[in-house]
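Below: the structure, in structure tokens.
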Amino acid sequence: MGAMGLNLALYSTEIILCLTLCFSLIIQMISRNSTLTFWTVIIGLGVAFFDVISLYGYAPQFYFDHHLSHDPFGLFFKLFFIVVTFFTFLFGYRSYEVAQDRLGEFYLMTLAITIGMCTLVSSVHFLTLYLSLELVSIVSYALSGFRKDHPPSNEAAIKYLLYGAMASGTMLWGISLLYGLSGSFHLHSIHATLSSSSIAPLPLYAIVTMLLFGFGFKMVIAPFHMWAPDVYQGAPTPITAFLTVASKAVGFAFFIRVFYTVFANNAGQPGEWMHIAHLNWPLILSILSAVTMTLGNLSALFQKDTKRMLAYSSIAHAGYLLMGLVVINEQGLTAVLFYFVVYFLMNFGAFFVAGMVGNTFKNENISNFRGLGWKSPFICIAMSIFLLSLTGIPPFGGFIGKVYLFSALVKAEVYGLLIIAIVNVVISLYYYAYLIREMFLEKPENDVRVVLSPLHTLTLLLLAVPTLILGIYWEPLFVYISSSIYFVVAS
Amino acid sequence: MTSPDAIAVILMFTFILVLGLALVGISAVAGRVKRDPTKLSVYECGVPPSGTSRERFSVKFYLVALFFLIFDIEIVFLFPWALIFKRHLLIGPLIFFEMLFFLGLLAVGYIYIWKRGAIEWN
């Protein structure tokens, strides 16, 4: 019982989420009471949250036969995913885009994705990584097509499926080539093989390209981003918000784990990495980051649909996040994780407001926002907070996040990328400010107001207030994140 | 660039490219058919074809096949467990309850599809 008990204890978060999934499904089938089901999943998520906090008491170690790694990095992301799922359920409650008689399935699929994500951020073995990645991806395809009667949702599901299957297959080919080169699936063994023997650069570049296809698909970086605007626009807005934040975070998390463990040496002091010889993947990343940012920002300028504009803006933010990974040191990593927390608050908030306005007007045009600031001030002020934070204007959290990312670049003297990023921030101001102008500086055309239920008002407050506070007092979060970038090193 | 690993990768990519192009290209060039109305019509045992070949059929066949697949994979997972069961039972009863949990999860799924009416045949 000893070793197995420890394995199960360290895996307890996923087991609790699994039990919540089952219970919520049974309760939805028996009682058909959506409020009861909702509270079941909320309680289940709360139990999982406190369970992750209790897992901090265990020492960093490998478990499940060196397939999974228990370390602060994984625990941070597990907390992150549980919080994002919690807000997704708050968003989906009484939302007209999520069919209320199929709420049990919605909770089931979202919780299944969360379980997959929690396993994915802990995996240090390529098979477990691929297994949990497929769990996340395939259920996301189904979830993006949740509105069966809405053609854009069906289109989103098909596009996501086709693109994801292609990306997954290419990535799997890269993994098998890596296995052929190194003889092992375990990240640390592969790293030992790659750094000890000298391998020609061409196979390594081919492998990195193929891996980037799969990883880049999840991280939504150009040129693997083509699915994102259609999927984010077509999927029901609660699910879009979940995908934009959580799916992207898990992409970055397992990218960090794989690339920083396999393709980088922990040189000198802890917190400094050096890419392995002959394989300058930070250079590839910096080019991809520049292309992603520019493409996302320039495409967002021409959008007439709120969700599509926010989708392109989230692609641009993936570019900003990738900047932090180009400088392979502790500062960049801390900046990326910090930016993820702020990005969750502001992006989820922006999609939340877009979803609430879409619920009222039954479509997602930007022209719905015309003059809305005078009729529904609370929701528009919150939207302005989120938009200004997304641009990176003080005193909101987005500014602090961008400061950390840019200072990591300055410290590593990567000035070209920095200039491109600053130009992109200026470009993005146009389409964010356009929405604010529509809300407050235009006369309303009709008398339609957006009315929020108390639960949704509470959610909006829970998202907007931390965005404000994090722009002024972010020290505790930063300290917590600095202590979270510790991966378990092979013993 | 002449290391065996590099050559292996280049060779693999070239082979895949050549194979794909050859299969499609040769059949496009050497397998051209002269179209003829009789040759293109649907085969129906020699009689002139009547009606459309694309009839609607019920989705219940697809559902039954899908459920069979899921529960068949569940049984596949039972086999290796059964082989090591007796040996691991000496260590403790955990191995029994683990499989019980797995079967329980699939039982929840089964109850779901039952209550949703997906195994109604009519």
* Asked: Which whole-percent values make up P(r) of chain A when all C-alpha to C-alpha distances are grouped in 20 Å steps starting at zero?
  -> 25, 59, 16, 0
* Asked: What is the local net charge at A:Asp101, summed over the other residues whose Cβ is closer than 12 Å to its Cβ (Lys, Arg +1; Asp, Glu -1)?
  -> +3
* D (Stokes-Einstein, µm²/s), Kirkwood Cα radius, segment A:207-308, 0.692 mPa s at 37 °C -> 216
* Asked: Within segment B:21-122, which GluC sites (Glu not before Pro) sit in a loop by DSSP and count at most 11 neighbouring Cβ atoms inside 10 Å?
  -> B:Glu44, B:Glu55, B:Glu120
* To do: Using only Cα atoms, tell me the angle between helix B:94-115 and the longest principal axis of chain B; keep it within 0 to 90° and round to the nearest 10.
  => 60
* In nm, what is the difference between 0.36 nm times the number of residues separating A:Ile284 and A:Tyr480 and their Cα-Cα distance? -> 67.5 nm
* Asked: Residue farthest toward the positive end of the dipole of the protein assembly as shown, with Cβ of Lys/Arg at +1 and Asp/Glu at -1: which of B:His88, A:Ile472, A:Asn7?
  -> A:Ile472
* Asked: Once amide H atoms are placed 1.01 Å from N in the peptide plane, what residues at a sequence separation of 5 or more from A:Val327, or on another chain, have their amide H within under 5 Å of its amide H?
  -> none
* Asked: Magnitude of the Cβ-charge dipole of segment A:195-337, K/R +1 and D/E -1, about the Cα centre, nearest 20 debye?
  -> 300
* Take the solvent-accessible surface of the protein heavy atoms, probe 1.4 Å, and return the percent of it on the protein assembly as shown that carbon and sulfur atoms account for. => 71
* Structure fact -> Compactness check, segment B:1-121: C-alpha Rg relative to the 2.2 N^0.38 Å globular estimate gives 2.00
* Restraint check, A:Lys304/A:Lys443; A:Lys78/A:Lys248; B:Lys86/B:Lys115; B:Lys60/B:Lys115, Cα-Cα greater than 24 Å -> B:Lys86/B:Lys115
* Asked: So which GluC sites (Glu not before Pro) in segment A:426-491 are both in a DSSP loop and have at most 11 other Cβ atoms within 10 Å of their Cβ?
  -> A:Glu445
* Convert 10 °C to kelvin, take the viscosity as 1.306 mPa s, use the Kirkwood radius over C-alpha pairs of segment A:72-166 as Rh, and evaluate the Stokes-Einstein diffusion coefficient in µm²/s, rounded to a whole number. => 112
* Asked: Mind checking the dipole of chain B: about its Cα centre, +1 per Lys or Arg Cβ, -1 per Asp or Glu Cβ, Debye to the nearest 20?
  -> 340
* **Nonlocal amide H pairs with A:Leu68, under 5 Å, H built at 1.01 Å** => A:Tyr63, A:Val124
* Structure fact -> In Å³ per residue, the alpha-carbon convex hull of segment A:1-54 encloses 61
* Stokes-Einstein D in µm²/s, Kirkwood radius over Cα pairs - segment A:99-234 at 37 °C with 0.692 mPa s viscosity -> 202
* Structure fact -> With the dipole of chain B defined by +1 on each Lys or Arg Cβ and -1 on each Asp or Glu Cβ, the option from B:Phe67, B:Asn122, B:Thr52 whose Cα lies farthest towards the positive pole is B:Thr52
* Distance between Cα centroids, segment A:297-371 to segment A:25-44: provide it in whole Å. => 31
* Computed from the mean reciprocal separation of all distinct C-alpha pairs, what Kirkwood hydrodynamic radius does segment B:16-83 have, in Å? -> 17.9
* Asked: Considering the dipole of chain A built from charges on the beta carbon (Lys and Arg +1, Asp and Glu -1) around the Cα centre, which of A:Ser484, A:Gly46, A:Thr119 is farthest to its positive end?
  -> A:Gly46
* Structure fact -> A:Ile82 neighbourhood, Cβ < 12 Å, K/R = +1, D/E = -1, net charge -1
* To do: Work through the residues other than B:Gly104 whose Cβ is under 15 Å from its Cβ and net out their charges, Lys, Arg +1 and Asp, Glu -1.
  => -2
* Please get the size of the charge dipole for chain A, origin at its Cα centre, with Cβ charges of +1 on Lys and Arg and -1 on Asp and Glu, quoted in debye to the nearest 20. => 720
* To do: On each of the three principal axes of the Cα atoms of segment A:1-149, give max minus min coordinate, whole Å, ordered largest first.
  => 45, 26, 25
* Asked: Taking a probe of 1.4 Å, how large is the accessible area per residue of segment A:337-442, in Å²?
  -> 33
* To do: Return the residues of segment A:161-177 for which accessible area with all protein chains present is lower than in the chain on its own by 30 Å² or more; set the probe to 1.4 Å and exclude ligands, DNA and RNA.
  => A:Trp173, A:Leu177
* Asked: Between chains A and B, what is the buried accessible area summed over both chains (1.4 Å probe, protein heavy atoms, nearest 100 Å²)?
  -> 1700
* **Relative contact order computed over chain A (Cα-Cα under 8 Å; 6+ residues apart), in percent** => 14
* Could you state the accessible area per residue of segment A:134-238 in Å², with a 1.4 Å probe and every protein chain left in place? => 34
* **Under 19 Å from A:Lys411, Cα to Cα: lysines that are on another chain or at least 8 residues apart** => A:Lys402
* If you stretched the chain out fully between A:Thr35 and A:Val426, how much longer would it get, using 0.36 nm times the residue separation minus the C-alpha to C-alpha distance? -> 136.3 nm
* **Shielded by partner chains, segment A:187-205 residues - at least 30 Å² of accessible area, 1.4 Å probe, vs chain alone** => A:Ala200, A:Leu202, A:Pro203
* Structure fact -> Helix B:4-30 sits off the longest principal axis of the Cα atoms of chain B, rounded to the nearest 10 on a 0 to 90 degree scale, by 50
* Structure fact -> Among chymotrypsin sites (Phe, Trp or Tyr not before Pro) in segment B:49-90, those in a DSSP loop whose Cβ has at most 10 other Cβ atoms within 10 Å are B:Phe57
* Kirkwood estimate for segment A:330-465, i.e. one over the average of 1/r between Cα atoms, Å -> 15.9
* Structure fact -> Over the Cα atoms of segment A:447-488 the radius of gyration and the largest Cα-Cα distance (Dmax), both in Å, equal 16.6, 58
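The values are calculated or read from the model by the stated rules, or taken from the named source; none is laboratory data. Bear in mind that the values here come from a model prediction, so they are computed numbers and not experimental data. For neighbour counting, all protein chains shown are included, and Cβ atoms are generated from backbone atoms with ideal geometry for every residue, glycine included. Keep in mind that these areas ignore ligands, DNA and RNA; they rest on the heavy atoms of the full protein, side chains included. Shrake-Rupley method; radii C 1.70, N 1.55, O 1.52, S 1.80 Å.
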